[in-house]
Every structure is written in C-alpha cells, then in structure tokens.
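The structure appears below as structure tokens.
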Amino acid sequence: MPGGTKEIEALVAQWFAQFEDALSQADEAPLKALFHVDSHWRDVLALTWQIETVSGRDAIVKAMKACAVRARPANFTIDPERTAPRRVMRAGCEAIEAIFRFETAHGQGSGVLRLTPDGGDGGTLKAWTLLTALEELKGQKEQIGRARPHGDSYSRDFRGPNWFDLRKAAVAYADRDPAVLVVGGGQAGLSIAARLAQLQVDTLIVDRMPRIGDNWRQRYHALTLHNQVQVNHLPYMPFPPNWPTYIPKDKLAGWFEAYVESLELNYWPDTEFEGGLYDERARQWIVTLRRADGMRREMRPRHVVMATGVSGIPNMPDIATLPDFRGKVLHSSQYDDGEAWKGKNALVIGTGNSGHDIAQDLHSSGAKVTIVQRSPTLIVNVEPSAQLPYALYDEGPSLEDCDLVTVATPLALAKKSHVLFTERARNMDRKLLDGLERIGFRLDFGEDGTGWQFKYLTRGGGYYFNVGCSDLLVEGKIGLRQFSDISRFVAEGARMCSGDMLAADLIVLATGYKGQEHLVRKLFGDEVAARVGPIWGFGEGQELRNMFAATAQPGLWFIAGSLAQCRIYSKYLALQIKACELGLLRQGLPIAAGAEERRAGRSEPADLSSAGS
C-alpha cells in the first residue's frame with residue numbers, strides 16, 4: 001500500500017479518471033476492471049434517487065451503467081475542501097479512503113471511495129466500497145453562510161411588520177397550510193424541519209407534549225444520553241464546547257427549545273395528530289389536529305413525515321395474572337422518580353437500558369429492587385466499550401466528513417466492523433460479564449455477534465449500557481430473578497415456582513414499545529399500514545425498511561433513530577421532499593417502480609419527470 005500523501009492522491013486521481021472514462025463506454029469491461037469482485041456501491045439519491053446498496057462487481061457495473069444514462073455523473077475529483085485521501089483501517093482491513101465530489105444532471109454530489117489492492121491482479125488498487133451521495137439540488141442552495149437571508153424585507157421598513165411579527169404569522173398558519181407536516185418534535189422532527197426550512201419548504205412540527213423538549217424532559221429523573229456529546233450534534237447548530245460528555249435529559253430538552261427559536265422552526269406543542277386520509281387526485285393529505293383548547297384544525301399538507309421515534313406505542317405484555325396484583329403497575333414511559341418508593345419493594349420487568357436505569361434509580365432512592373429478566377440481554381460498559389463504534393468521530397476529520405464516511409459504510413462492512421467492536425468490548429468487560437453469568441444473568445451479544453448497534457437497528461433495544469446497575473446486580477445490592485421462574489402474580493407480588501413470595505409494592509414494565517407500523521395503522525388505517533409494510537430493521541435487504549426514503553404510500557415519510565442518525569439522514573430526506581416540490585420526483589410509488597424498471601434493463605426510472613433531465 002502506498003504511504004505518502006502525494007502518492008495516495010495521485011493514485012486516487014488516476015482511479016477517478018479511469019472510472020469516468022469507463023462510465024462513458026458501452027463496453028462493461030473497463031468498469032469491471034476498477035472494482036473488486038466482492039465490492040459494494042451505496043448510492044444515496046445521486047444516481048438512483050434511492051438509498052440503495054448494490055453488492056458484487058457485476059451487479060454494480062450493470063446498475064451503474066443503467067443509471068448513468070439518465071443521471072449523467074461527471075467531474076469526479078478529490079474534494080480539496082475536505083479530509084485528504086489517507087490510509088485507514090475499516091472493518092479490520094487497511095484501505096485508502098478518499099472523499100470526492102462530482103456532478104449529475106440534477107445536482108452536486110459527494111462521495112467516499114475505498115481502494116484496496118487486488119492480490120490476484122498484481123496488487124492493482126481497486127474499489128472495495130464506493131459511495132455516491134446527493135449533496136444539493138442545482139439552484140437550491142441552503143440559506144446558510146453567505147447564502148443567509150439578509151432581513152432587508154423588514155429591517156428597513158419602519159412601518160411594516162418586524163421580524164417578530166413575521167414569525168408569529170408564520171407559526172400561526174392562519175391563512176395557509178404547510179407543504180410538510182412533521183409529526184413528532186424530538187430530534188427526528190427537529191432535524192428534518194430544520195433541513196426543510198433551509199430549502200425553503202414550508203414545514204410545521206406538531207407534538208402532543210405541552211412544551212418543546214418534553215419528550216426528553218418528562219422521562220425518568222436520572223436519564224442522560226449514553227453516547228458522547230461530539231456524536232450527537234443537531235444540524236446547523238452544534239452543542240457548545242463546554243457541554244458535558246454525557247448530556248443530561250433536561251439540558252437536552254432546553255436545547256431543543258433554543259434550537260426551535262434559533263432556527264425559526266414552526267412548532268405547535270400540545271397538539272395531537274389524530275390521523276389522516278390521502279386524496280389521490282389532489283396528491284395531498286387531509287389531516288386533523290386537535291389543539292390544547294380542544295379545537296380541531298383540518299390541514300391539507302402534501303407530505304406527512306412521521307418523526308415519532310423508532311417506536312411510539314408502549315408495549316404492555318399480556319400477563320394473565322398481573323391484574324391480581326394490588327400494588328402500582330407502571331410502564332417505563334410513565335416512571336419519573338424513585339423517591340416515592342423509599343423503603344418499598346419494587347420489581348422491574350425488563351433488562352434493557354430503561355429497566356436497568358429505573359432499577360438503579362429506585363435503589364438509589366432507598367427501595368428494595370429486583371430485576372426480572374425475560375430474555376438474554378447484551379451488557380456493555382458505557383465507557384469505554386460502548387463508545388468503540390464512535391471512534392471515527394475522534395480521528396480528527398470534521399463532523400461533516402465523519403458523517404459522510406459513516407454513510408459510506410455498506411451493511412456487510414458495518415456488520416463486520418461491529419463483530420470486531422463486540423469482540424473487543426467483551427474482552428474489555430470480561431470481569432463484569434463473568435460476574436453477571438455467576439449470578440445467573442443470561443447474556444447475549446447480538447445476531448452473529450454484531451453487538452448492541454445492530455440490536456438497535458433491528459429491534460430498537462435488547463441491550464444495556466452499564467452505568468452501575470450491572471455492578472449492583474453482581475454485588476447483590478439489586479436482586480435478579482428470571483421471568484420463567486414466576487408462577488403467577490398475586491395481590492402481594494409474585495409467587496415463584498418454588499413457592500417463595502417475591503413481595504412488591506411497585507411493578508415497572510420496562511418492556512419496550514411496539515413498532516411504528518402499529519402507530520401507522522392507528523392513525524392512517526389498515527390499508528395504508530399494509531401498503532407501507534414493516535418499518536425499521538433490514539428484512540432481506542441492505543437498508544433500513546421505509547426509513548428516510550419514499551414509501552409505497554404517496555406523501556408518507558419516516559425518520560427516526562439516534563441524534564446522529566437524524567442529523568445525517570434528515571439531509572437526504574429533505575432533498576427528496578424538495579425534489580418532489582420541484583417536480584423532479586413524483587409522489588406515490590415512484591421508487592419501487594424505478595427499481596423494477598432498472599432490474600428489467602430499462603434506464604429511465606419511472607419516478608422522474610422531464611424536469612429532472
């Protein structure tokens with residue numbers, strides 16, 4: 001592998017020259033010669049108008065050739081304003097990694113190329129992974145930096161409305177409906193609304209909580225984020241440099257309020273989204289909102305973005321004898337603080353993050369606590385083990401570059417990386433894990449050993465970042481029982497199969513949430529839910545299902561995930577909605593139809609109008 005910066009840049013530049021020439025040729029052989037047999041191309045809107053991963057050299061060449069006819073990609077070059085090409089270690093493999101820029105018929109793009117030597121071809125450097133991502137639509141720059149608004153329309157008109165007057169009118173929606181209605185005011189809703197605002201798409205956020213930030217503020221007392229501050233910035237407005245490494249929930253909630261004010265986002269708190277119907281002819285939704293005063297407002301947005309999180313409805317398991325218990329039963333979403341349970345007996349059913357944190361909070365408040373484990377759980381110390389996947393954000397590149405490198409990692413490599421992270425974390429946490437196994441705690445390390453990140457991406461939970469509760473279990477300060485050892489619940493608590501009584505005054509069900517498809521069915525009906533299908537997780541594909549991209553239901557979009565996921569993918573979701581507003585994309589079933597046409601060998605996706613040519 002070459003080592004010098006100049007040598008690396010020359011080799012990358014040579015690859016791009018060959019790549020651009022090969023794309024223009026009818027013969028597939030020159031393009032095939034640039035890729036490893038086992039290689040991956042991830043396109044994020046730039047050539048396919050989809051978020052799509054293609055694996056294998058022959059499949060990549062076929063798909064890329066078909067898309068290039070319409071997208072007309074050109075001018076591939078190393079981006080001099082970003083991290084220079086360098087040698088890196090990705091998924092346990094040494095590679096040259098280069099950030100580049102390019103153009104297409106409809107916009108500017110950015111990407112990441114990873115080159116590794118082909119041992120079967122004399123060590124020739126070939127593409128291992130390639131990302132092509134849409135950066136901006138032509139003529140649609142975000143209103144930031146030098147493109148920021150000047151304020152001339154009101155700052156020098158002493159008799160006209162001032163900035164505050166205009167903001168009040170914008171938020172009121174007295175004489176108009178938004179183009180986009182965002183349901184949910186957490187990090188997902190704020191991120192997509194901020195992105196759309198910069199693209200001048202009229203957007204309204206609604207949230208049922210009475211105050212901005214309440215989705216964090218009203219969670220249990222001791223909660224802080226479990227990943228570090230440098231990973232969690234929202235778009236356009238990074239956290240101050242003096243903020244703590246792990247952000248407390250109330251501090252984050254306050255930031256959400258400041259974010260809405262600073263970025264001039266239109267937000268209606270204390271507003272319930274009651275559901276909607278899609279008008280196929282008008283290509284818009286008819287939705288009903290219920291305000292805090294009980295008044296209802298009908299709106300007709302062209303797009304509805306569901307930003308209610310990975311899961312929205314508490315999962316209340318059907319435990320036949322639980323109604324016989326005479327004490328208090330709470331779902332974890334209803335739990336606030338343990339002070340009221342000092343000196344009392346508490347059972348916490350569930351061993352994910354919420355279950356452990358609530359058990360530790362109750363213990364700290366003086367309650368006698370027992371955790372009840374229902375299924376094997378992944379345990380990892382919050383520091384340093386749980387932070388291993390975020391090592392990229394400490395390597396030195398800018399946040400923007402780290403985000404692009406993250407997007408450039410296809411599923412196969414991500415899984416390989418997380419197997420390595422998980423193996424390393426198990427070794428680092430061996431003493432704790434051995435102690436847990438000694439007391440009968442059932443451990444799990446994810447499907448195929450892929451760890452906590454893939455548990456999150458496939459099921460939204462099933463793991464705990466240890467901030468002390470696992471140590472309390474090992475020390476016997478918090479009890480542990482298996483759910484399978486409970487015979488039944490009785491008035492005084494849980495009767496064990498052994499005949500022993502596990503006394504309880506409080507039972508907390510830390511049993512997670514139902515998938516988003518349940519919420520879709522509740523708000524939009526069975527037909528829409530069936531049309532959309534599963535949300536989140538990968539299924540048989542390489543991308544999260546129905547996330548950040550068009551769904552089979554016209555005008556219905558989804559965004560969810562961590563603060564980092566929302567920051568990264570809100571950009572691409574906003575670009576798709578803006579493209580719809582410009583007539584570059586059609587709403588409805590365009591993306592699936594376009595994919596079918598490409599598989600059938602036709603080069604023009606059905607989702608594009610002539611405006612995109």
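The values are calculated or read from the model by the stated rules, or taken from the named source; none is laboratory data. These numbers were taken from a predicted model, which means no experiment stands behind them. A quick note on method: Cβ atoms are made from the backbone with ideal geometry, for glycine too, and the neighbour counts reach across all protein chains shown. These accessible areas exclude ligands, DNA and RNA; they are computed on the full protein's heavy atoms, side chains included. Shrake-Rupley method; radii C 1.70, N 1.55, O 1.52, S 1.80 Å.
Summary table
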| quantity | calculated |
| --- | --- |
| Per residue value of the accessible surface for the stretch 110-182 (all protein chains in place, 1.4 Å probe), Å² | 57 |
| Selected from Phe239, Ala491, Gly276, residue furthest toward positive end of dipole (the chain; charges at beta carbon) | Ala491 |
| Principal axis dimensions, the stretch 210-296 - Cα atoms, whole angstrom, descending | 51, 27, 22 |
| Computed over the chain, Kirkwood Rh from alpha-carbon pairs, angstrom | 26.3 |
| Qualifying lysines (Cα of each under 23 Å from Cα of Lys416; at least 8 residues distant if same chain) | Lys126, Lys455 |
| Estimated dipole of the stretch 124-202 in Debye, rounded to 20 [Cβ of Lys and Arg +1, of Asp and Glu -1, Cα centre] | 260 |
| Sparsely packed GluC sites (Glu not before Pro) within the stretch 62-166, loop by DSSP, other Cβ within 10 Å at most 11 | Glu81 |
| Alpha-carbon centroids, the stretch 502-536 and the stretch 344-365: separation in whole Å | 22 |
| Per DSSP, loop trypsin sites (Lys or Arg not before Pro) in the stretch 83-140 with at most 16 further Cβ within 10 Å | Lys138 |
| Proximal aspartates and glutamates to Lys571, defined as alpha-carbon separation beneath 13 angstrom and excluding residues fewer than eight positions away on the same chain | Glu135, Glu136, Glu142, Glu400, Asp403 |
| Gyration tensor (alpha-carbon) shape descriptor, the stretch 135-258, a/c threshold 1.5 | prolate |
| Whole-number Å³ per residue for the convex hull built on Cα positions in the stretch 321-447 | 168 |
| The stretch 423-524 shape via C-alpha gyration tensor axes, a/c threshold 1.5 | oblate |
| Rounded to 5, the percent of DSSP beta bridges in the stretch 148-277 classed as antiparallel | 20 |
| Kyte-Doolittle mean at least -0.5, axial Cα span of 15 Å or more - DSSP H helices of the chain | 5-23, 57-71, 187-198, 411-428, 563-582 |
| Peptides ranked, highest mean first, by Cβ atoms within 10 Å: ranges 405-412, 505-512, 24-31, 73-80 | 505-512, 405-412, 73-80, 24-31 |
| Helix-only [θ]222 nm of the chain, DSSP H runs n ≥ 4, -39500 (n - 2.57) each, per residue, nearest 500 | -9500 deg cm²/dmol |
| Only Lys, Arg (+1) and Asp, Glu (-1) charged, at Cβ; the chain dipole about Cα centre in debye | 640 |
| Calculated on alpha-carbon atoms, Rg and Dmax of the stretch 6-134 in Å | 13.5, 39 |
| Shape of the stretch 286-338, Cα gyration tensor, a/c cut at 1.5 | prolate |
| Charge-dipole axis of the stretch 80-150 as Lys and Arg at +1 and Asp and Glu at -1 on Cβ define it, positive-most pick from Leu125, Thr83, Gly111 | Thr83 |
